[in-house]
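Working notes for the structure below.
Computed from the coordinates by the stated procedures, all read-outs in this text should not be read as laboratory data. Everything numeric here is computed off the predicted structure, so don't read it as measured data. Heads up, the Cβs are rebuilt from the backbone with ideal geometry, glycines too, and the neighbour counts pull from every protein chain shown.
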2 protein chains.
Amino acid sequence: MLIFNPDSDPALASQLVRLLDAQAGILEQRRFPDGESYLRVHSDCADQDCVILCNLFHPDERTLRLLFLADTLRDCGARSVGLVTPYLAYMRQDKRFQPGECVSSRPFARLLSGAFDYLVTVDPHLHRYDSLDEIYSIPSRVVQAAPLIAQWIQSHIPNPLLIGPDSESEQWVSHVAELADAPFQVLQKERRGDYDVSVSLPDLGSAAERTPVLVDDIISSGRTMLETIKHLQAAGLPRAVAIGVHGIFAGEAYSQLTEVADVVTTACIPHLSNQIDIAAPIAAAVQQLLTVTARS
Amino acid sequence: MLIFNPDSDPALASQLVRLLDAQAGILEQRRFPDGESYLRVHSDCADQDCVILCNLFHPDERTLRLLFLADTLRDCGARSVGLVTPYLAYMRQDKRFQPGECVSSRPFARLLSGAFDYLVTVDPHLHRYDSLDEIYSIPSRVVQAAPLIAQWIQSHIPNPLLIGPDSESEQWVSHVAELADAPFQVLQKERRGDYDVSVSLPDLGSAAERTPVLVDDIISSGRTMLETIKHLQAAGLPRAVAIGVHGIFAGEAYSQLTEVADVVTTACIPHLSNQIDIAAPIAAAVQQLLTVTARS
């Protein structure tokens with residue numbers, strides 16, 4: 001097996017090479033003056049199972065080269081070409097909210113489905129779609145971050161209280177709390193008028209002396225987390241821990257969050273906040289999919 | 001008819017709107033924090049012939065959004081979706097020169113052919129392919145820049161001498177010279193040893209008093225033109241005019257060239273050197289293709 005890593009994520013790539021007993025694929029990449037990509041595969045791919053690890057964070061500048069690489073591996077005789085993308089882009093535009101909007105999740109899924117034999121990702125943003133199979137026509141495996149986060153909480157936070165910022169987050173937070181064998185509370189919003197909303201912890205007494213732990217799938221602007229932490233501080237709780245599966249950190253989000261909380265992410269998007277390892281379940285998913293696709 | 005212009009080339013877009021008696025399509029575009037494109041078409045496309053003007057200079061960052069836009073126009077009921085790309089990218093990697101190289105012209109052609117009904121471009125780099133039809137499965141029209149360049153020379157350079165930098169350029173230069181009713185000469189290389197090459201004008205006498213005019217399809221590093229101009233200067237000829245169909249101008253190419261020559265390009269790639277208009281033959285090609293595709 002060969003693992004290619006066109007958009008450098010050397011930490012995860014080397015873990016996958018080790019866990020899958022694979023070899024690192026060797027690529028030559030450069031740009032022509034007009035911005036075109038030059039791409040050459042230096043590894044012998046004939047009859048090899050090939051995996052491309054390509055994080056689809058900032059997808060527009062990466063996707064064309066990714067499709068070219070998949071095409072080249074097939075041209076060079078690869079037996080299979082799989083995609084590992086811990087952050088799967090274009091999952092949020094899953095409905096035409098306004099007339100004329102691009103429902104980008106669909107053409108993006110068609111492009112990847114046409115280029116790869118299978119797909120592995122971590123907690124994609126499944127909101128209106130129940131499963132990737134609704135838009136992806138290739139087999140896929142979704143690695144769940146909840147058990148990895150729960151395990152990290154158990155081994156790093158002695159006395160945690162999981163916090164959901166709103167009722168929408170309850171299902172996810174309660175699931176992580178159960179796996180971590182920890183209590184959880186969801187913030188309550190009380191609306192007294194158009195501009196008079198109070199937010200409170202339902203049981204402040206049992207929260208004292210515990211480390212509040214906020215968990216979210218994507219930290220983008222960080223606004224929800226910042227608001228929530230402000231309320232916890234006002235209630236006199238200790239410094240919070242903010243955990244995200246995918247740390248996008250738009251603009252000043254990271255520096256703002258680290259002022260008020262310890263920020264921790266999974267290694268889905270490479271970032272200095274990465275503390276939660278995702279390589280083992282990704283490697284297991286690749287192995288499962290290779291078995292499935294080899295059978296068919 | 002609606003003309004969309006996602007990667008701003010307002011000058012050419014407004015010319016095409018006028019020449020094709022079309023309307024400017026209205027687009028809303030922005031980026032999400034993770035780099036995804038948001039795209040919304042504000043024009044009513046139902047049963048409309050739609051044309052996307054998208055220059056594929058720096059293709060990697062533009063292609064995904066271009067494919068999304070084509071998909072959205074179809075979703076919104078467009079009767080046809082055509083592509084006008086004055087600079088067609090990924091034409092140069094037309095052969096596997098080394099093992100493992102991506103022959104990018106082919107997967108790129110497949111992507112565009114899957115998204116559009118037809119394609120109009122200006123002088124694509126056809127080297128090993130005789131025609132776009134070898135790799136593009138949709139109808140296409142190639143606008144020839146030679147007559148436009150010849151016309152520009154006739155109306156701007158009183159006493160021109162067209163210069164070909166080497167024997168490879170002879171066919172192209174002689175064609176422009178014929179159309180411009182002007183003389184031409186091709187530089188002769190005489191090799192006396194590995195490091196002893198002399199370059200000379202075959203008929204220096206008849207070149208005196210004439211303005212040397214260099215013509216090339218792509219000005220990228222500008223190296224060939226700079227070398228040629230150096231030789232013309234050494235031979236005592238007047239300041240040269242350097243004309244390119246596609247002005248890519250890598251690095252310092254433009255400032256280096258303007259030091260020794262007047263630099264002129266067609267409007268294929270928007271640049272301050274643009275002086276040669278390409279809108280009329282592009283509009284005519286679109287009209288031809290609409291007739292062809294409507295018939296089939």
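Evaluating 6.51 cos²θ - 1.76 cosθ + 1.60 at θ = phi - 60° for every residue in the range B:225-239, the Karplus couplings come out as 5, 4, 4, 5, 4, 4, 5, 5, 5, 4, 7, x, 6, x, 3 Hz, glycine and proline recorded as x. Note on A:S137/B:K189: beta-carbon distance plugged into 1/(1 + (r/R0)^6) with R0 of 56 Å gives a FRET efficiency of 0.50. Most fluctuating residue of B:P158, B:P86, B:P107 in a GNM of chain B with Cα springs under 10 Å: which is it? The residue that fluctuates most here is B:P158. Projecting the Cα atoms of B:C268, A:L83, B:G244 onto the charge dipole of the protein assembly as shown, computed from C-beta unit charges around the Cα centre, puts A:L83 farthest toward the positive end. About its Cα centre, the dipole of the protein assembly as shown is roughly 280 debye, where the only charges are +1 on Lys and Arg Cβ and -1 on Asp and Glu Cβ.
Derived scalar couplings between HN and Hα for the range A:84-91 equal 10, 10, x, 10, 8, 7, 6, 9 Hz in order, rounded to whole Hz, by the Karplus curve 6.51 cos²θ - 1.76 cosθ + 1.60 (θ = phi - 60°), x for Gly and Pro. Structure remark: mean-square fluctuation, Gaussian network model of chain A, C-alpha springs under 10 Å; the largest value among A:F68, A:F184, A:F32 belongs to A:F32. Per the rotation superposing chains A and B, the chain A residue found at the smallest beta carbon distance from the axis is A:E61, 2, distance in Å.
Residues A:V245, A:V17, ranked from the fewest to the most other C-beta atoms within 10 Å, line up as A:V17, A:V245. Spatial offset of the range A:26-57 relative to the range A:248-296 amounts to 22 Å, using the alpha carbon center of each.
Once the Cα atoms are used to define both axes, helix B:279-295 deviates from the longest principal axis of chain B by about 40 degrees.
Label-to-label distances for A:E61 across copies, nearest first, come out at 0.6 nm, using points 7 Å from Cα in the beta-carbon direction. Going by Cβ distance under 4.7 Å, what cysteines of chain A have no possible disulfide partner? A:C50, A:C54, A:C102, A:C268 - these cysteines have no disulfide-compatible partner (Cβ-Cβ under 4.7 Å) in chain A. Each copy carries a label point for B:H127 at 7 Å from Cα along the beta-carbon vector; from one copy to the others these points are 4.6 nm apart, nearest first.
Can you list the residues, at least 5 places off or on another chain, whose amide H is less than 5 Å from the amide H of B:F4, using H built in the peptide plane? Amide H to amide H, under 5 Å and 5 or more residues apart or across chains, B:F4 pairs with B:G25, B:V51, B:I52, B:L53. For the range A:53-188, the alpha-carbon coordinates run over 54, 41, 24 Å along the three principal axes, in decreasing order.
In the calculated pair-distance distribution of the range A:146-276, the portion above 24 angstrom amounts to 23 percent of the Cα-Cα pairs. Assuming charge only on the beta carbon of Lys and Arg (+1) and of Asp and Glu (-1), the dipole of chain A about its Cα centre is about 300 debye to the nearest 20.
For chain A, a Gaussian network of Cα nodes joined below 10 Å ranks A:N159, A:N274, A:N55 by mean-square fluctuation, and the top entry is A:N159. Close amide-amide hydrogen proximity is noted between A:V143 and A:T121, A:V122, A:D123, each under 5 Å apart and 5 or more residues distant or on a separate chain (H modeled in the peptide plane; Pro and chain starts excluded). Here the label points at A:R31 and A:K95, each 7 Å from Cα along the C-beta direction, are separated by 3.8 nm in the simple model. The same position A:Q98 in the other copies lies at 4.8 nm from this copy, comparing label points 7 Å beyond Cα toward the beta-carbon, shortest first.
Built from the Cα atoms of chain B, the convex hull projects on average onto 18.2 nm², one quarter of its surface area. Could you work out how far helix A:63-75 tilts from the main Cα principal axis of chain A, as a 0 to 90 degree angle to the nearest 10? Once rounded, the angle reads 40 degrees.
Could you work out the relative contact order of chain A? I mean the mean sequence separation of Cα pairs under 8 Å and 6+ apart, divided by the number of residues, in percent.
Relative CO of chain A lands at 14 percent.
In order along the range A:133-142, phi translates into HN-Hα couplings of 4, 5, 10, 9, 8, 9, x, 9, 10, 9 Hz, rounded to whole numbers, per the Karplus curve 6.51 cos²θ - 1.76 cosθ + 1.60 with θ = phi - 60° and x for Gly and Pro. For the pair the range A:111-136 and the range B:152-210, the centres of their Cα atoms are 58 angstrom apart.
Scaled to the compact-protein estimate 2.2 N^0.38 Å, what is the alpha-carbon radius of gyration of the protein assembly as shown, rounded to two decimal places? Let's see the in-between values first.
Numbers: Rg = 29.3 Å, N = 592, 2.2 N^0.38 = 24.9 Å.
Normalised Rg, Cα atoms only: 1.18.
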